[in-house]
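Worksheet for the structure shown next.
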Amino acid sequence: MKIGIIGLGYWGPNLIRNFNERIEIEKIVGCDLNDDRLRLMKMKFPSINVTDNYKNLLNSDLDAIIIATPVASHYAIAREALLAGKHIWVEKPFTSKSDQAYDLIEIANSKGLNIFVDHTFIYTDAIKKIKEIIDKGELGDIIYFDSVRVNLGLFQQDVNVTWDLAPHDLSIMNYLLKDYRVAAVKADGIATYYNHENIAHISVYFENEACFAHFHVNWTSPVKIRKTIIAGTKKMLIYDDMENSEKIKVYDCGVEFFKNEGRNNARIQYRVGDMYSPKILQTEALAVAAKEFIDSINEKRKPLTNGKEGLGVVRILEAAEKSIKDRGKLVELEPEMKQLKLFVK
């Protein structure tokens, strides 16, 4: 397989390294507008070819194009690549508008091409383990999903903090809670330093009104926190990505609510049991993602994080941005499968 990688900045070297290690990859062409970056990549990875014009990649024998450019450029480049007959890998977020995502999915389906959206955390062993715990019913019915992703920087020039940080946790939520359909979103945020919000809180409401999700993202925190709490009717779980070991802790605890007959008040009983931390592997997620991308093309199937998954995250981000601009007004989402035909091959 021959691939091209457009955008060799922060994430580009990691992409080159992981695809360079795959035996299925015969050729890699790196592309960037910055000549210094091209020289550096050629020095670090002598076997790759480089160019400063992405059109050269589209008009070549490459099988797939990886797009690691600013989000505003994702749609135009991805569309050109699909029309040129290339499978595509797009960094998160997939697109800057849901209509763009719908269009790319439709083109890919019509041409029998794959879209892979790099929601990297889905390929971590920690998230796989949490998925396993939830799917076998150990937590019970999910009550809430509460996530904090904060740090000091990095301020982005093209997007606000929700588009930069929230895609990670939104993709995790959508993956873990596939049966919980998002119904509405509201968000609050503030742009302290320039015209992009650097602090934001996103609330997600589901069709199942017994479940709720909340996300706190922030570029101006004195400490780096990557923590998620998932509570169920049976057990609760904490996922702390900053932990080197015991990233996941499952707590056998909960709340039981009893109505007293003949009385207006209720009795609440708290249950506190054991805690355990399941063993997880430390496989590099990007390596697993690269394998999934290649395998999905060779096996002629959609990858785990495909265009539809990317669209799901973009729809929430789009609604959150609209809500922030309208001072936290609730934004209702149309049924996710309104264009079901786009996802039928």
Note to self: Criterion first (surrounded by fewer than 17 Cβ atoms within 10 Å (Cβ to Cβ) and among the basic types (Lys, Arg)) does Lys55 satisfy it?
What the structure shows: yes
Notebook entry, point to check: Taking Ile229, is it outside the structural domain of Glu106 (by TED's automatic domain parsing), touching a strand residue (DSSP E or B) at 6+ places or on another chain (Cβ under 7 Å), under 19 Å from Asp164 (Cα atoms) and at pLDDT 95 or above?
Noted result: no
Next item on the list: Go through region 112-136 and give me each residue that's surrounded by 17 or more Cβ atoms within 10 Å (Cβ to Cβ) and in a loop (DSSP other than H, G, I, E, B).
Entry: Leu113, Asn114, His119, Thr124
Margin query: So, Gly312, is that one assigned to a helix (DSSP H, G or I), touching a strand residue (DSSP E or B) at 6+ places or on another chain (Cβ under 8 Å), of a type outside the set (S, T, N, Q) and within 22 Å of Val148 (Cβ to Cβ) or not?
Written below: yes
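For (1) touching a residue at least 40 places away in the same chain (Cβ under 8 Å); (2) in the same structural domain as Leu237 (by TED's automatic domain parsing); (3) aliphatic (A, V, I, L, M); (4) surrounded by fewer than 21 Cβ atoms within 10 Å (Cβ to Cβ), each residue gets a yes or a no:
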{"residue": "Leu139", "(1), (2), (3), (4)": "yes, yes, yes, no"}
{"residue": "Ser147", "(1), (2), (3), (4)": "yes, yes, no, no"}
{"residue": "Arg181", "(1), (2), (3), (4)": "yes, yes, no, yes"}
{"residue": "Ile199", "(1), (2), (3), (4)": "no, yes, yes, yes"}
Next item on the list: All but one of (1) touching a residue at least 24 places away in the same chain (Cβ under 8 Å); (2) farther than 20 Å from Ile316 by Cα; (3) surrounded by fewer than 19 Cβ atoms within 10 Å (Cβ to Cβ) hold for Gln156, so report the exception by its number.
Entry: (2)
Next item on the list: Check whether at least one residue in region 93-100 is surrounded by 20 or more Cβ atoms within 10 Å (Cβ to Cβ), assigned by TED's automatic domain parsing to the domain that holds His168, of a type outside the set (Val, Ile, Thr) and out of contact with any Gly (no Cβ under 6 Å at 6 or more places or on another chain), and report yes or no.
Entry: no
Next item on the list: Filter region 218-250 for residues that are touching a Ser or Thr at 6+ places or on another chain (Cβ under 6 Å) and over 13 Å from Ile134 (Cβ atoms) and give the result.
Entry: Glu246, Lys249
Notebook entry, point to check: Can we say Arg263 is surrounded by 10 or more Cβ atoms within 10 Å (Cβ to Cβ), modelled with pLDDT under 95 and of a type outside the set (Ser, Thr, Tyr)?
Noted result: no
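Considering only residues of region 201-248 that are in a loop (DSSP other than H, G, I, E, B) and free of Cβ contacts under 8 Å to residues at least 60 places away in the same chain, which is surrounded by the fewest Cβ atoms within 10 Å (Cβ to Cβ)? Steps first, please.
Quick first cut of region 201-248, residues in a loop (DSSP other than H, G, I, E, B) only: 207-211, 219, 233-235, 241-247.
Filter once more, keeping what is free of Cβ contacts under 8 Å to residues at least 60 places away in the same chain: 207-209, 242-246.
Values: Glu207: 14, Asn208: 14, Glu209: 8, Met242: 10, Glu243: 15, Asn244: 6, Ser245: 8, Glu246: 14.
Result: Asn244.
The values are calculated or read from the model by the stated rules, or taken from the named source; none is laboratory data. The shown structure was predicted, so the numbers you read here are calculated from the model rather than taken from an experiment. Virtual Cβ from ideal backbone geometry, glycine too; neighbours counted across all protein chains shown.
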